[in-house]
Amino acid sequence: MIIDCHTHLNQYELLGKISSLDDRVKKLIETMSSHNVDYSLVLSSYQVNEQRPSTQQLISATEKYDNLGIVAGYSINNHTEDDLKQYREWIKDGSIKGLKLYCGYEHYYPYDTKYQKVYDTCVEFGVPVMIHTGDTFSGQGKLKFSHPIHIDEVAVDNPELKIVMCHLGNPWIEDCQEVVYKNDNVYADMSGLAVGKFDHIFEMRMIEKVAELINYAGEPRYLLYGTDWPISDMDSYLSFVAKLKLKQKYRDELMYQNAKELFNI
């Protein structure tokens, strides 16, 4: 089984001329099917515009697919108290599987007190919060807000909160592995390490870094498979993880078991 815990249905240039949301959903389903991916989580954005559908739009567009789940993006600047109240209702009825913060894209540290209501909501309902860490796809992002070391403060102050650091904090993977090693309530997804396909040299470099992370932090009960599709290519990503030298038990944890338990899939 394969669960991709990190995909998007925003309109990116990498999708070419697929402009409608319904067509992007179909493209995701087709891509999953052709690569034997059983389930994907789709993350909504920190903004809503013509290229970035709202959580409501994503729920409506994916409701007939039982192999797609939604994680709702939350922004201090662009979402209101009413939005968070609606998120609570969607968590209750199972329409969304967790919440996502975009630190770096949004210029706030993850430990900013304005995010505490999001953490409290996640703890109340037992769902994880995903937090962007590392490099930003946009040049307008500010990296000081997305450094993975800041997740440690959130984890310590919210011990019952389940946190997923997105993208392994790349390029600060060593900092990510220490935060994961230290905090039992912190997980990390390996999405978005490459834009498009991995080239050979970069792939070998990332394999070494992920292997070092696993060796340092121990058994990968904390590590989640994710791609960041369509920014990252599914075929290239599956080839990448196939080259990781893992026992079958650990590979199963990485590819589906950890995400299945964490997101109650």
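The values are calculated or read from the model by the stated rules, or taken from the named source; none is laboratory data. Because the structure is predicted, anything quoted here is derived from the model rather than measured. Cβ: placed from backbone, ideal geometry, glycine included. Neighbour counts: every protein chain shown. Side chains are part of the model used for accessible areas, which takes the heavy atoms of the whole protein and leaves out ligands, DNA and RNA. Shrake-Rupley method; radii C 1.70, N 1.55, O 1.52, S 1.80 Å.
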Item to complete: Answer yes if at least one residue in region 127-138 is of a type in the set (Gly, Ala, Ser), more than 17 Å from the chain's Cα centre (by Cα) and either open to solvent by 20 Å² or more (accessible area, probe 1.4 Å) or at negative phi (or both), and no otherwise.
Response: no
Worksheet item: In this structure, is Glu50 within 19 Å of the chain's Cα centre (by Cα), of a type in the set (Asp, Glu) and over 26 Å from Lys260 (Cβ atoms)?
Response: no
Worksheet item: Looking at region 163-184, which of the residues that are open to solvent by less than 10 Å² (accessible area, probe 1.4 Å) and within 15 Å of the chain's Cα centre (by Cα) is farthest from Leu41 (Cα to Cα)?
Response: Cys176
Practice prompt. Among what's in region 87-114 and is open to solvent by less than 30 Å² (accessible area, probe 1.4 Å) and of a type in the set (Gly, Ala, Ser), pick the residue that is nearest to Ser138 (Cα to Cα).
Written response: Gly104
Worksheet item: If we keep just the residues of region 236-265 that are hydroxyl-bearing (Ser, Thr, Tyr) and closer than 22 Å to Pro128 by Cβ, which is modelled with the lowest pLDDT?
Response: Tyr250
Fill in: region 67-83, subset touching a Phe, Trp or Tyr at 6+ places or on another chain (Cβ under 7 Å) and hydrophobic (A, V, I, L, M, F, W, C), residue modelled with the highest pLDDT
Ala72
Worksheet item: Hey, Lys197 hits all of (1) in contact with an Asp or Glu (Cβ under 8 Å, 6 or more places away or on another chain); (2) within 24 Å of Gly98 (Cα to Cα); (3) basic (Lys, Arg) but one; which does it fall short on?
Response: (2)
Discussion item. Suppose we filter region 19-44 for residues that are crowded, with 16+ Cβ neighbours inside 10 Å and either assigned to a helix (DSSP H, G or I) or of a type in the set (A, V, I, L, M) (or both); how many remain?
Written reply: 12
Practice prompt. Considering each residue of region 219-235, count those that are open to solvent by less than 30 Å² (accessible area, probe 1.4 Å) and either of a type outside the set (Ser, Thr, Tyr) or over 25 Å from Ile131 (Cβ atoms) (or both), and give that number.
Written response: 9
Item to complete: Mind listing whichever residues of region 210-235 are part of a helix (DSSP H, G or I), in contact with a helix residue (DSSP H, G or I) (Cβ under 8 Å, 6 or more places away or on another chain) and either acidic (Asp, Glu) or within 24 Å of Leu14 (Cβ to Cβ) (or both)?
Response: Val210, Glu212, Met234
Worksheet item: What is the residue count in region 45-64 for residues that are free of Cβ contacts under 8 Å to residues at least 40 places away in the same chain and part of a loop (DSSP other than H, G, I, E, B)?
Response: 7
Practice prompt. Quickly run through region 1-14 and pick out the residues that are within 24 Å of Phe240 (Cα to Cα) and open to solvent by 20 Å² or more (accessible area, probe 1.4 Å).
Written response: Met1, Ile2, Tyr12, Glu13, Leu14
Practice prompt. Sort out for me the helices (runs of 4 or more DSSP H) sitting completely within region 113-206 that have 1 or more residues that are touching a Phe, Trp or Tyr at 6+ places or on another chain (Cβ under 8 Å) and farther than 20 Å from Leu224 by Cα.
Written response: 116-125, 151-157
